[in-house]
């Protein structure tokens, strides 16, 4: 029996939202009546809220207010947590290490009133050794001081603390949209700490564990602040000659630290078991002497001490921006010995997308013949490769990776954060949409999210930390340090196939540094290191894969080098509640649309799409990458993967900031209720024949008299900023509507039947998947069917929608964790509520208010509604439903949540809606361990394995008949413009190569260049004359709308066409003809990647990497390790 233990530290916590920041001021504000700080053991916290972990204080306000470009308006401030840690008698005299799976943004950990350590990066798991501060004989006061401040819509927020003597942790402040408060030095923030790209949910939002270990022990994969890497489990030497009986050799590499005073004789013992406990293999390492290193003191921070230098004039430490002037990023572990064990070839059930088979690998450290420590690693074994003609391969079988890009906060409405089992359900829902890939955006996903993807067969792209551009100096080194931590923490997760170095282009030296980091820390994990938007051959050569954005700069030579992944297409937004323009009450999406190419801004909407419009837009988006995939119909042979933005409607930067309370790009809502768009992607991403009718079949009778509100809509006019109601009205004609069906790749033809009568047939889809039926009378209630036929003429799929009657009842369906809702004060459950007719059909137009009451040991958290929020700017009353006792049906559906109390019993939830009987749901809560320290792990929901592993086959092999019928080449040669490697927003103006001349929105080019080299030129636009005048280097260059030549110093200079205005009034012209006149600017078209490169010389790429910038230690080959017999 191992002497060690790992226990969850989730119960007995007291919480106080400080509602203040900076940390110093927050602490001062919350001193008790006797002047004690919150970390003082004697502090009086009797009035604080009792909570269980994980916990967020933003469940009450996320999605509550109108969305902004800067994200949701949740509270961002300091907060405090307190608990007592009593060492169990059997673990007295052992080491005590606290592990946090992550906290947003900062953690200042105090033990018995003393600062034990702090971490401020806000992303990666970390550990703090508190052994020297723990008293084995009495309860120990544990205090966490944290904050979730970030950039966007705050005057200031937290910055990194320089790791120098005398510096107060948390005292350095970053400038936001105001001034740094007096008494605080201005500091360098973490680039990724921003509310728009990385929504802030404050609190201890992930599990916390306490590790009790003997003084000779297995280290943990927590580089910050422990400087250890833990255990690394890999598979090699795969034998796939018999797909039904694969084999591989397993290597286990573990770090051991011996803090005793004497050397010890140790060995590793490894046992591999299935999830249900069946032993598959066991093996051991050779005995090894582990030298003693003595008791180690852990510094409060491992931020490099040379990252900051004292500035005498400013009386503060400032970041050192010369990357060569600081030491290379530290990657070595502190005071450890490495032990290795390797098996012979082991028969295994390999991990794959359709069979995500997992094992538990138990690694035991034996010291002097006795078991001393143990770690259990849940992992799967798979062989990853790449075939530049077929794509990424898993176990030698090509797969087409398709799915979504998702912000790593992965927030839920009403609950803020999700229980582990809910993350599993979320992953299963992704698979139900026929997706198999998620690209986490900007920052690393949590261990629980990645574990869910391990369990359900979803390939991950895992970043570390970035916003959306290259960084240099200290902010670059922060990114490297975080990538180090992330690789170490997640390198045993089989679902991670791609490490993402950045969300936008890197210079070659930076990409090289990230690649070397991966090769050092994850040399045998079967993963690719790359970056989004790499755009030079030099940089591509330093990567193992390349990501694109909206198919910009993809090229065959890149696909020959490594996988090309589209990282975030389908950026359009639409609410699910607005079916189409033929559905009431408004027969339109009433909003403040800024028009095509308009500028996003507060209080206006960037898109004007209904759910039907979003379906068509997303089909257009997916078709492009599906056809450009390796083996696709375009024969461009580019893409191995594609990810649509986003999986869920979310609290990130939203562009419907008049009409909505979320970014509305999701396939599901933030409560994971399916939008119509879910089914659109479910069908498009299906390898099997599938078809889905877009919309509903509950249209009202035609209003031929054009009287009253039915089918009446208000016409709009543009007021110079947005389209507004004109006070004039028109009427829709529902007897002449186009009906759409989405059908999958194998479908050749679709027939549309209304009440059994064929009303349309389509065998020429647009965008590969969209089958349109014009002139359909949608008022013919009854049933509409779409019948799909394959290329052999046989029926292969069918979809049917019936007209629903009036609402007659509510249906409530509760969902809880496997094993039941735990009475632990932390677990969550939800109840789906559906409005149905007397036949049990969902009423798709129901939007009624539904009220709830709860009896029993639980707290009702409410639900979510699109477009209902506080902080309105339209004169309407606030109507958010977040944490209220009611919701409204959206398309006949909704979902509400509840949190368990701490007493077992029956929870009774009653739902009431006018005109129908009440409905009741009951959930029984089950007994849970409420001890502060518990070995009760969070509930999980794994995929169900078939009795025998399915034999894998290649996904989406080319279908020549389908490609010939469905693929339509683009009419123009689209390309993109990069300014110093970064792409400006074109404002919906396509950039096109016309006979060798690149035409695009020159106004956005000039705006971006002003940021880069604005001291070298000026420009002025005269809308009355239609002239754009540029001055640079003593020259005056003028372009005029409708004139085919420039005037350069008064002389004509012929162009390749006439400049014209975009719908928003931007000048569109031959870009190089104008900007090449700017002093010291070079312009060159890169034919291989379809990019016009504008180089201002403002960035030289920095000097981040030299041959000495990172020393790479040799990694032993698995074949050189001593092998042990498998029994």
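Where a number appears in this text, it was derived from the coordinates with a stated rule and is not lab data. Predicted, not measured: the structure shown is a model, and the values here were computed from it. Positions of Cβ are generated from backbone atoms using ideal geometry, with glycine treated the same way; all protein chains shown enter the neighbour counts.
Can you tell me what share of the DSSP beta bridges in region 809-934 is antiparallel? A percent to the nearest 5 is fine.
For region 809-934, the DSSP antiparallel bridge percentage is about 90.
Suppose each label sits 7 Å from its Cα in the direction of the beta carbon; what would the residue 345-residue 859 distance come out to in nanometres?
Each label point is offset 7 Å from its Cα along the Cβ direction, giving 5.7 nm.
Using the eigenvalues of the Cα gyration tensor, what equivalent ellipsoid semi-axes result for region 263-394 when each is taken as the square root of five times the eigenvalue, whole Å, largest first?
Values for region 263-394, descending: 40, 28, 13 Å.
Would you mind computing, in nm to one decimal, how far apart the modelled labels at residue 929 and residue 321 are, each placed 7 Å from Cα along Cα→Cβ?
5.3
Would you please state which residues of region 916-939 a label at residue 903 would reach in this model, taking the label point 7 Å out along Cα→Cβ and a backbone N cut-off of under 15 Å?
Residues passing the 15 Å test: 925-928.
Based on the Kirkwood radius over alpha-carbon pairs, what is the Stokes-Einstein translational diffusion coefficient of region 973-1095 at 20 °C with 1.002 mPa s viscosity, in µm²/s?
149
Ranked highest first by average number of other Cβ atoms within 10 Å, how do 811-820, 25-34, 59-68, 973-982 line up?
The densest-packed peptide leads the list: 59-68, 973-982, 811-820, 25-34.
Test of understanding: what is the full-extension gain from residue 706 to residue 1045, defined as 0.36 nm times their sequence separation minus their Cα-Cα distance?
Working it through step by step, the gained length comes to 116.8 nm.
Of the listed peptides 332-344, 669-681, what is their order by residue-averaged count of other C-beta atoms within 10 Å, with the highest listed first?
Per-residue Cβ counts within 10 Å, averaged per peptide and sorted highest first, yield 669-681, 332-344.
To the nearest µm²/s, what D does Stokes-Einstein give for region 784-825 at 4 °C and 1.567 mPa s, using the Kirkwood radius over alpha carbon pairs as Rh?
My calculation gives 84 µm²/s for D.
Hull surface divided by four, with the convex hull built on the Cα atoms of region 809-934: how many nm²?
9.4
Calculate the spin-label point distance for residue 168 paired with residue 1052, positioning each point 7 Å from the Cα along the beta-carbon direction, and give it in nanometres.
In this crude spin-label approximation the distance works out to 7.1 nm.
In 10 Å bins starting at zero, report the fraction of Cα pairs in the chain per bin as a rounded %.
Taking every Cα pair in the chain, the percentages come to 2, 9, 18, 23, 22, 15, 8, 3, 0, 0.
Taking R0 as 60 Å, what's the FRET efficiency between residue 34 and residue 273 from their Cβ-Cβ distance, rounded to 0.05?
Working from the Cβ atoms, E equals 0.65.
Using packing as a proxy for protection, rank 145-156, 533-544 so that the peptide with the highest average count of other Cβ atoms within 10 Å comes first.
Averaged packing, sorted descending, gives the order 145-156, 533-544.
What does the extension gain come out to for residue 811 and residue 334, with contour length at 0.36 nm per residue minus their alpha carbon separation?
Gain on extension, residue 811 to residue 334, equals 165.9 nm.
Multiply the residue gap between residue 1087 and residue 1011 by 0.36 nm, knock off their C-alpha separation, and tell me the result in nm, one decimal place.
Additional length available on full extension: 24.7 nm.
Using r as the Cβ-Cβ distance of residue 314 and residue 724, and R0 as 56 Å, what FRET efficiency do you calculate, to the nearest 0.05?
Approximately 0.65, to the nearest 0.05.
Taking every pair of Cα atoms in region 469-585, average 1/r, invert it to obtain the Kirkwood radius, and report Rg/Rh to two decimals.
1.12
What is the fewest-to-most order of 384, 302 by other Cβ atoms lying within 10 Å of their Cβ?
Sorted ascending by nearby Cβ count, the order is 384, 302.
Considering only DSSP beta bridges whose two residues both sit in the chain, what percent are antiparallel, to the nearest 5?
If we restrict to bridges inside the chain, about 85 percent are antiparallel.
Determine by what factor the alpha-carbon radius of gyration of region 283-350 differs from 2.2 N^0.38 Å, reporting the quotient.
Computed over Cα atoms of region 283-350, the ratio equals 1.96.
Quick one: if the Förster radius is 41 Å, what FRET efficiency do residue 265 and residue 137 give, using the C-beta to C-beta distance and rounding to 0.05?
0.80
If neighbour count is taken as other Cβ atoms inside 10 Å, put 470, 186, 137 in order from fewest to most.
Least crowded to most crowded, the residues run 137, 186, 470.
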